[in-house]
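S.K.: Pasting in a structure now, in structure tokens, and then I'll have a few things to ask.
FYI, it's all coordinate maths here, none of it is from the lab. Because the structure is a prediction, the values reported are computed rather than measured. All Cβ positions, even for glycine, are placed from backbone atoms using ideal geometry, and neighbour counts span all protein chains on display.
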Amino acid sequence: MGTIEGRLDLDDLTTVPADALELNDIGLVRLRLASPVPLADYSVSRSDGAFLLIDAHEGGTLGAGMVQLAGSGSSDPAATASSGRG
């Protein structure tokens, strides 16, 4: 997958350190992909800036996310993801 940068604390809307995301958590993650994929910042293109993570073996949805590219309000390329399964 990559790394989990943090999880959104829904009580005060801050990002807190996290080693894992549980069911329905919202987190900041860095994805490592096997090959390049076309994408856009979610604020520019909702269709090219959103993604699903699919389990290759079972076909189920593992999570969904929105792309935030470098220079678009953040200093690093990152994706905000919501975990679909625990």
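S.K.: What residues have an amide H closer than 5 Å to that of GLY6, excluding those fewer than 5 places away on the same chain, when H is modeled at 1.01 Å from N in the peptide plane?
M.R.: Counting only residues 5 or more places away or on other chains, the set is ALA18, LEU28.
S.K.: Pull out the extension gain between SER47 and ASN24, defined as 0.36 nm times the separation in residues minus the alpha carbon to alpha carbon distance; nm, one decimal.
M.R.: Values: separation 23, 0.36 × 23 = 8.28 nm, distance 2.16 nm.
6.1 nm is the gain from fully extending SER47 to ASN24.
S.K.: For region 4-19, take each phi angle, set θ = phi - 60°, evaluate the Karplus expression 6.51 cos²θ - 1.76 cosθ + 1.60, and give the result in whole Hz per residue in order, putting x for glycine and proline.
M.R.: Whole-Hz 3J(HN,Hα) from phi for region 4-19: 9, 7, x, 10, 6, 7, 6, 6, 10, 6, 10, 8, 10, x, 8, 9.
S.K.: Pick out, from VAL16, VAL44, LEU28, the residue whose Cα sits farthest towards the positive end of the charge dipole of region 6-46, with +1 on the Cβ of Lys and Arg and -1 on the Cβ of Asp and Glu.
M.R.: Result: VAL44, furthest along the dipole toward the positive end.
S.K.: Per the Kirkwood definition applied to all pairs of different Cα atoms, how many angstroms is the hydrodynamic radius of region 1-66? It would help to have the intermediate numbers written out before the result.
M.R.: Numbers: mean 1/r = 0.0749 Å⁻¹.
Kirkwood radius, region 1-66: 13.3 Å.
S.K.: Determine the dipole magnitude for region 1-64: charges of +1 sit on the beta-carbon of Lys and Arg, -1 on that of Asp and Glu, nothing else is charged, the reference point is the Cα centre, and the result goes in debye to the nearest 20. Don't skip to the answer; put the middle values down first.
M.R.: Working: 4 positive and 11 negative charges, 69 e Å.
That gives region 1-64 a dipole magnitude of about 340 debye.
S.K.: Run the numbers for LEU13 and ALA64: contour at 0.36 nm per residue of separation, minus the present Cα-Cα distance, in nm.
M.R.: Numbers: separation 51, 0.36 × 51 = 18.36 nm, distance 1.91 nm.
Extending this stretch completely gives an extra 16.4 nm.
S.K.: Full-extension gain between ASP55 and ALA34, please, as 0.36 nm times their residue separation minus the C-alpha to C-alpha distance. Let's see the in-between values first.
M.R.: Values: separation 21, 0.36 × 21 = 7.56 nm, distance 1.50 nm.
Net length gain for the segment: 6.1 nm.
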